[in-house]
Amino acid sequence: MTKGGMECVELFTAEGKGRGLKAQKEFLAGDVIFAEPAYAAVVFDSLTHVICHTCFKRQERLHRCGQCKFAHYCDRTCQRAAWLSHKNECSAIKRHGKAPTENIRLAARILWKMEREGSGLSEGCLVAIEELQNHVDSFGEEEKKDLRADVESFLEFWPPQCQQFGMQLISHIFGVISCNGFTLSDQRGLQAVGVGIFPNLCQANHDCWPNCTVVFNNGNHEAVRSMFHTQMRIELRALNKISPGDELTVSYVDFLSLSEERRRQLKKQYYFDCTCEHCKKQLKDDLMLAVKAGESKPSADTVKEVIQLSKDTLEKINKARMEGHYHEVVKLCRDCLQKQEPVLGDTNIYLLRILSIASEVLSYLQMFEEAADYAKRMVDGYLKIYHPNNAQLGMAVMRAGVTHWHAGLIEVGHGLICKAYAILLITHGPSHPITKDLEVMRVQTEMELRMFQQNEFMYYKMREAALKNQKIQVMPEPSNETAPSLFHKKE
């Protein structure tokens, strides 16, 4: 079964997992298996005034809808592109007096689209919205309470003149949003800014060590001629060679957790027990729990003590970060590392988490040499744990490369930037804004490296000028958010 733009994939019933997708042809690493525009998507409540409601890009100045005063757009092109999906929303917001929450807005957009197009299969969709999983039967008491509140708010917002849908379908839509809402990020891919429904992507099953990755592409509305415009979409990209008949899988959670923790998270958020090879055989758990080997191998009690200290420190760090006390964060990290280093192995996740925070916060405080040392150790650990073409690995290597550049360590910095570029070419593709930024950095550091090799004195002189020029930006303020996860789950 194939349908418009989806001719390279097939919908099938996966044993013990329900529906799934499999390849109809061979794909190589970096190939786009399919691209899919959102069935419906909305910007998060807290960002509605700083993110474009069409392409989800972050912009300094946005145009506001003159009617509802709620929707914001990059320009007239984005505003015109949004009108079909915003028209009903616009008049409903005016009637209601204010915009409802993101969940209500997304449910309303889905139902307005169903009202326009009728139920059943939409163009290019393998599965109808009515057939998507909703997991409402698996909801706990708290989730059922939230669902009832959402349905109530929706009914207050939904205009009486619009088609009236049954309570069962409305509840189903909220269930679909809860377990199938895909996280949308800004053009730099660093911040989650919205949530959307992509029916075809929903059919890809989870694997902790997947053969595909999903990247959000904000599209391009800046071309002079509209024929070169591209719409906002997700792309399913191959991470390695995939043969015809292979199941296409993506990871719903970050791999950098013990198999038991990943399984707990998947059960809690997505209501299934992970039976992938890495969970069944607890692959890589030994690396993530590594302790110092050799003559001075620590006792089990010492290891337990240090891991507990690490967990306590991570809680204190979160509190200090929330309050913006970054020097306190650095002190906590240094003290913790001092206790961890004689006991924990180089790939231990508790060590790697502290190294990651330390390098990020020290970069922000412009203490680049110390930050670079921690970043390099973090990357060396990540490279032994992550899939070689993991997007989060690529982003971490990129940040480490930039930190080394700031520290004046041009040789290692250039090497890391080249490594990150190779990973992101596969996970994001050459036209993604992040990859383009990285290409600029790669060219710049390559030029600087040549200069450094020819004349170190001249290089440091030129470097001073470059720093004043700020070609490569100083790190942004550390965020308490983790990297955007694949599917958006309301906490």
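Over all distinct alpha-carbon pairs, what is the Kirkwood Rh of the stretch 144-279 in angstrom?
Details: mean 1/r = 0.0559 Å⁻¹.
Across the stretch 144-279, the inverse of the average 1/r is 17.9 Å.
Is there a quick way to get the dipole size of the chain? I mean about its Cα centre, with the Cβ of Lys and Arg at +1 and of Asp and Glu at -1; what is the value in debye to the nearest 20?
Here the chain has a charge dipole of around 1040 debye.
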> Taking the Cα atoms only, what angle lies between the long axis of helix 326-340 and the longest principal axis of the chain, rounded to 10 degrees?
Replying inline: 60
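Over the chain, what is the relative contact order in whole percent, taking alpha-carbon pairs under 8 Å and six or more residues apart? Spell out each step's value before the answer.
Working: 797 pairs, mean separation 78.1, N = 491.
Relative contact order for the chain comes out at 16 percent.
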> Dividing the alpha-carbon Rg of the stretch 1-129 by 2.2 N^0.38 Å yields what?
Replying inline: 1.29
> Going by the alpha-carbon gyration tensor, a ≥ b ≥ c the square roots of its eigenvalues, is the chain rounded (a/c under 1.5) or, if a/c is not under 1.5, prolate (a/b greater than b/c) versus oblate?
Replying inline: prolate
> Expressed as a rounded percentage, what relative contact order does the stretch 279-356 have, with Cα pairs under 8 Å and six or more residues apart?
Replying inline: 45
>> For Cα pairs less than 8 Å apart in space and 6+ apart in sequence, what is the mean separation divided by the residue count of the stretch 9-250, i.e. the relative contact order in percent?
In response: 32
>> Using only Cα atoms and rounding to the nearest 10 degrees, what angle (0 to 90) does helix 349-364 make with the longest principal axis of the chain?
In response: 90
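Rounded to the nearest 500 deg cm²/dmol, what is the calculated helix-only ellipticity per residue at 222 nm for the chain, with -39500 (n - 2.57) per DSSP H run of length n ≥ 4?
On the way: 15 runs with 230 residues, N = 491.
Value at 222 nm, helices only: -15500 deg cm²/dmol.
From largest to smallest, what semi-axes in whole angstrom does the stretch 292-468 give when each is the square root of 5 times an eigenvalue of its alpha carbon gyration tensor?
Working: eigenvalues 198, 70, 54 Å².
That gives 31, 19, 16 Å for the three semi-axes.
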> Which angle from 0 to 90°, rounded to the nearest 10, does the C-alpha axis of helix 167-180 make with the longest principal axis of the chain?
Replying inline: 20
>> Under 5 Å between amide hydrogens, which residues at least 5 positions from SER185 or on another chain qualify, with H placed 1.01 Å from N in the peptide plane?
In response: VAL193
> Short version: ³J(HN,Hα) in whole Hz for each residue of the stretch 146-154, in order, from phi by Karplus 6.51 cos²θ - 1.76 cosθ + 1.60 (θ = phi - 60°), x for Gly and Pro, what are they?
Replying inline: 4, 4, 4, 5, 5, 4, 4, 5, 4
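Pop the C-beta distance of LYS468 and TYR271 into the FRET formula with R0 = 41 Å and round what comes out to the nearest 0.05. Can you show the working numbers first?
On the way: r = 54 Å, r/R0 = 1.32.
E between LYS468 and TYR271, to the nearest 0.05, is 0.15.
Rounded, prolate or oblate: which fits the stretch 9-250 when a ≥ b ≥ c are the square roots of the eigenvalues of the alpha-carbon gyration tensor, with rounded for a/c under 1.5 and prolate only if a/b beats b/c?
Numbers: a/c = 1.93, a/b = 1.22, b/c = 1.58.
Oblate.
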>> Suppose all protein chains stay in the model; what accessible area per residue would a 1.4 Å probe give for the chain, in Å²?
In response: 48
>> Could you tell me how many cubic angstrom of Cα convex hull volume the stretch 111-156 has per residue?
In response: 83
> Given H placed on each backbone N at 1.01 Å, which residues far from LEU344 in sequence or on other chains put an amide H within less than 5 Å of it?
Replying inline: LYS292
> Tell me, what HN-Hα J-couplings in whole Hz come from the Karplus equation 6.51 cos²θ - 1.76 cosθ + 1.60 at θ = phi - 60° for each residue of the stretch 22-34, using x for Gly and Pro?
Replying inline: 10, 6, 9, 8, 7, 10, 10, 3, x, 5, 7, 6, 7
>> Give me a comma-separated list of calculated 3J(HN,Hα) values for the stretch 443-454, in order, Karplus coefficients 6.51, -1.76, 1.60 applied at θ = phi - 60°, integers in Hz, x for any Gly or Pro.
In response: 5, 5, 5, 5, 5, 5, 5, 4, 4, 4, 5, 7
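The values are calculated or read from the model by the stated rules, or taken from the named source; none is laboratory data. Quick caveat: nothing in here was measured; it's all calculated off a predicted structure. Don't worry about glycine lacking a Cβ; one is built from the backbone with ideal geometry, like all the others, and counts go over all protein chains shown. In case anyone asks, the SASA skips ligands and DNA or RNA and just uses the protein heavy atoms, side chains included. Shrake-Rupley method; radii C 1.70, N 1.55, O 1.52, S 1.80 Å.
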